[in-house]
Amino acid sequence: MSITNFKIHHKLTVLVMTCLMTIVLLAVVPLMQNKSSMMEDRKAKTQDLVESAHSVVSNYYEAYQAGELTEQEAQTAALKTLQGMRYAGKNYFWINDMEPRMVMHPFNKDLNGKSLVDFADPNGVHLFVEMVQVVKAQEKGFVAYSWQKADDTKLSPKISFVRGFAPWGWIVGSGIYI
């Protein structure tokens, strides 16, 4: 191969590689933007759902305030209602308090009444303690941690939205896998 052919071959290789990298970037950037947009949409929907669950609790509290129910009846009715609420298949709501202690978990009833202070993901994130901190700081917000899906053995990133309900010292929450 002559020097001229080598230079042309080298220039063509560089040109082809540059074009391939450009094509990959043109494909990857929109996908990343789409993924980010989808994640923001899922977070917003989860927040809206927790706000709806919070409204359910608020409605029972108002019934108590109006004298229609005792406080115990209102709390029990709110817990039973949220316990039965599901969305997108298996997703659910839970309620913990500011201690943090589990008030209501719809599937893992053994947790109800238990302290969650030492409850951590495998990376050491004390998620319920962080939820309390979020509620104390801003009344509502997101907490990120790792969690094992029910039908999987490996950890997945998860985000939960929580909102405090001050009259009863509760935190209403739900989470989504990323």
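For segment 149-173, the set of residues classified as within 17 Å of TRP94 (Cα to Cα) and within 17 Å of the chain's Cα centre (by Cα) consists of LYS149, ALA150, LYS158, ILE159, SER160, PHE161, VAL162, ARG163, GLY164, ILE171, VAL172, GLY173, listed by residue number.
Tell me the residue from ASP152, ASP97, ASP121 that is under 13 Å from PHE165 (Cα atoms) and not hydroxyl-bearing (Ser, Thr, Tyr), please.
Numbers: ASP152 fails: under 13 Å from PHE165 (Cα atoms); ASP121 fails: under 13 Å from PHE165 (Cα atoms).
Among ASP152, ASP97, ASP121, only ASP97 is under 13 Å from PHE165 (Cα atoms) and not hydroxyl-bearing (Ser, Thr, Tyr).
Kindly indicate the residue of segment 117-134 that is open to solvent by 20 Å² or more (accessible area, probe 1.4 Å) and not in a loop (DSSP other than H, G, I, E, B) and also nearest to THR46 (Cα to Cα) among those meeting that condition.
VAL134
Tell me which residues, restricted to segment 92-114, are free of Cβ contacts under 8 Å to residues at least 40 places away in the same chain and either in contact with a Ser or Thr (Cβ under 7 Å, 6 or more places away or on another chain) or more than 25 Å from THR81 (Cβ to Cβ) (or both).
Initial filter on segment 92-114 (free of Cβ contacts under 8 Å to residues at least 40 places away in the same chain): 99, 101-102, 104-114.
Within segment 92-114, GLU99, ARG101 meet the criteria.
Scan segment 136-148 residue by residue and report those that are touching a Phe, Trp or Tyr at 6+ places or on another chain (Cβ under 9 Å) and of a type outside the set (Lys, Arg).
Taking segment 136-148 as the starting set, the residues that turn out to be touching a Phe, Trp or Tyr at 6+ places or on another chain (Cβ under 9 Å) are 140-143, 147.
Selection gives GLY141, PHE142, VAL143, TRP147.
Looking only at residues in segment 33-82 that are part of a helix (DSSP H, G or I) and of a type in the set (Val, Ile, Thr), the one that is nearest to TRP170 (Cα to Cα) is VAL57.
Suppose the filter is out of contact with any Leu (no Cβ under 8 Å at 6 or more places or on another chain), of a type in the set (Asp, Glu) and within 21 Å of VAL135 (Cβ to Cβ); does ASP97 pass it? Yes. Restricting attention to segment 99-112, the residues that are part of a helix (DSSP H, G or I) and either open to solvent by 60 Å² or more (accessible area, probe 1.4 Å) or basic (Lys, Arg) (or both) total 2.
Among the residues of segment 66-98, the one identified as over 22 Å from the mean Cα position of the chain (by Cα), under 24 Å from LYS136 (Cβ atoms) and open to solvent by 50 Å² or more (accessible area, probe 1.4 Å) is GLU71.
The values are calculated or read from the model by the stated rules, or taken from the named source; none is laboratory data. Here the structure is a predicted model, which means the values were calculated and not measured. Positions of Cβ are backbone-derived with ideal geometry, glycine not excepted, and every protein chain shown enters the neighbour counts. Protein only, heavy atoms only, side chains kept; ligands, DNA and RNA dropped before computing areas. Shrake-Rupley method; radii C 1.70, N 1.55, O 1.52, S 1.80 Å.
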